[in-house]
Amino acid sequence: MTILRNFSALAISSLAILACNTPKNTVANGAAPKTGPSSNTVESIPASASRPDVELFTRPGYVTELRDERLWVFMEDSAEYEQFLRVGEPAKTVTRIRTGPGGISLRSSDRETLIGYENSTLWHHARVIDGRLWIFDNEKEDFRELTKHGAPSERVTFVGRGPERMTLCAIERETLHDWMYRMPGFHTEVVDGRLWVLVKGTEELDQFLEVGELAKSVTLIKAGPGGISLRGPSRETLHAYLAAKGM
């Protein structure tokens, strides 16, 4: 009996020591840790933090503020943003759960602003105008001037090919192609209705740019974004592009 009591006491002591030394995967306010773009656990940002200049959240034409672990989004120089800075949360808000960069939830005064922000990139400004999603090339166009009086009169339209089957519009077809297919590290180009994909800095890309074709190529039928067929120097290149696009 004495041996049993001593063994029980030793077990309880060991468990207590183990509990004290075990790291706790928790954050302030008892919230679960947030996950970043590469599935790495990141620190929770205090509810009072305001970081509109965070590179992860930067999109041309939009301003952001992080509050209560949600990202507020507004158009630049908008009356809604000025009111938000002056009085705080609007009376009417829209929330889209985990649709922002790194899976963060987004909030704004209207749904159209969030859709535009979600579909903007570092190279393109996206904006909902009259129920259609307009895409502007930041390097070629001043979208602020172009949208000052509504939608531009000159346009190319892709019906039902946007998010939630929205119609896409742009001034140039190449802008829509670039927005739909661009991926850092790859050269993409639509030729005869198929999307060529080549890795930047390779001999295959040099040959393609010189003669517009490769001596040997591989095709994946309807495997690309929006169901477009892919062509490239190898199956590995095409699969690497699809993986980078999250497909």
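The values are calculated or read from the model by the stated rules, or taken from the named source; none is laboratory data. Nothing here was measured: the structure is a model prediction, and the numbers come from that model. No Cβ is skipped: glycine too gets one built from the backbone with ideal geometry, and neighbour counts run over all protein chains shown.
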Task: Filter result (assigned to a helix (DSSP H, G or I) and either aromatic (Phe, Trp, Tyr) or buried (at least 16 other Cβ atoms within 10 Å of the Cβ) (or both)) within region 55-79 - done: PHE57
- [ ] Just give me the residues in region 81-99 being touching a helix residue (DSSP H, G or I) at 6+ places or on another chain (Cβ under 7 Å) and either among the small types (Gly, Ala, Ser) or not in a strand (DSSP E or B) (or both), in sequence order.
- [x] PRO90, THR99
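Based on this model, can you work out whether THR147 counts as surrounded by fewer than 19 Cβ atoms within 10 Å (Cβ to Cβ) and either in the same structural domain as GLU69 (by TED's automatic domain parsing) or of a type in the set (Phe, Trp, Tyr) (or both)?
Working: surrounded by fewer than 19 Cβ atoms within 10 Å (Cβ to Cβ): yes; either in the same structural domain as GLU69 (by TED's automatic domain parsing) or of a type in the set (Phe, Trp, Tyr) (or both): no.
No; evaluated as a whole, the condition is false for this residue.
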Open item on the list: Checking the structure you have, find out if any residue of region 120-134 is among the aliphatic types (A, V, I, L, M), surrounded by 15 or more Cβ atoms within 10 Å (Cβ to Cβ) and touching a residue at least 60 places away in the same chain (Cβ under 8 Å).
Closed with: no
- [ ] Please state which of the following conditions MET180 fails to meet, knowing it meets all the rest: (1) free of Cβ contacts under 8 Å to residues at least 40 places away in the same chain; (2) buried (at least 18 other Cβ atoms within 10 Å of the Cβ).
- [x] (1)
Open item on the list: Pairs needed: first member in region 82-94, among the acidic types (Asp, Glu); second member anywhere, surrounded by 12 or more Cβ atoms within 10 Å (Cβ to Cβ) and outside any helix (DSSP H, G or I); C-beta distance under 8 Å; at least 6 residues apart or different chains.
Closed with: none
Open item on the list: What are the pairs with Cβ atoms under 8 angstrom where one residue, in region 160-173, is outside any loop (DSSP other than H, G, I, E, B) and the other, located anywhere, is among the charged types (D, E, K, R)? Sequence gap at least six, or different chains.
Closed with: PRO163/GLU118; LEU168/ARG132; LEU168/ARG161; CYS169/ARG132; CYS169/ARG155; ALA170/ASP137; ALA170/ARG155
Open item on the list: For region 229-242, which positions are within 24 Å of THR167 (Cα to Cα) and more than 21 Å from the chain's Cα centre (by Cα)?
Closed with: SER229, LEU230
- [ ] Report whether or not ILE97 is among the β-branched types (Val, Ile, Thr), in the same structural domain as VAL159 (by TED's automatic domain parsing) and surrounded by fewer than 16 Cβ atoms within 10 Å (Cβ to Cβ).
- [x] no
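Run down ARG155, ARG161, ARG231 and say which single residue is over 28 Å from ARG127 (Cβ atoms), surrounded by 11 or more Cβ atoms within 10 Å (Cβ to Cβ) and touching a strand residue (DSSP E or B) at 6+ places or on another chain (Cβ under 9 Å).
Details: ARG155 fails: over 28 Å from ARG127 (Cβ atoms); ARG161 fails: over 28 Å from ARG127 (Cβ atoms).
Checking each option against the conditions leaves just ARG231.
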